[in-house]
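Worksheet: the structure to be examined is printed underneath.
The numbers here are math on the coordinates, done by the rules we state, and not lab data. Just so it is clear, the structure is predicted and the values come from calculations on it, not from any experiment. Cβ sites come from the backbone with ideal geometry, for glycine too, and all protein chains shown count toward neighbours.
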């Protein structure tokens, strides 16, 4: 609630200064300033008109501090975006490597299975291949086919 009251005071003050400048211009359009006070009056009017941009920004609701806060938040979000892009690239490269490994292993497995089926050789369990292509046993030295 305090922030709302502060904004209301700023709005009222800016509107008051804007109204003062408008009334001063109306006064100057009807009355002439004596040459003795002209320099002082022109410098005061110049300062009031110079602060008019801040007054207008306050009236329309633009706050320079708010703009800086938004810029800093935007910069921090950009840093987060950059970090997320790097993480995404790392994850993509990891997935690509996993896919390549799986393809290599499946290719080797398929090649060995194809060779076994194509050549009709079967491993008996002793590291030697049985040429009969059927059930075989291994006595440690040679493979023996069960059904010759």
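Based on the Kirkwood radius over alpha-carbon pairs, what value in µm²/s does the Stokes-Einstein equation return for the translational diffusion coefficient of the range 2-98 at 10 °C and 1.306 mPa s?
After rounding, the answer is 88 µm²/s.
Using the average count of surrounding beta-carbon atoms within 10 Å as a protection proxy, the listed peptides 4-15, 77-88 rank, highest first, as 4-15, 77-88.
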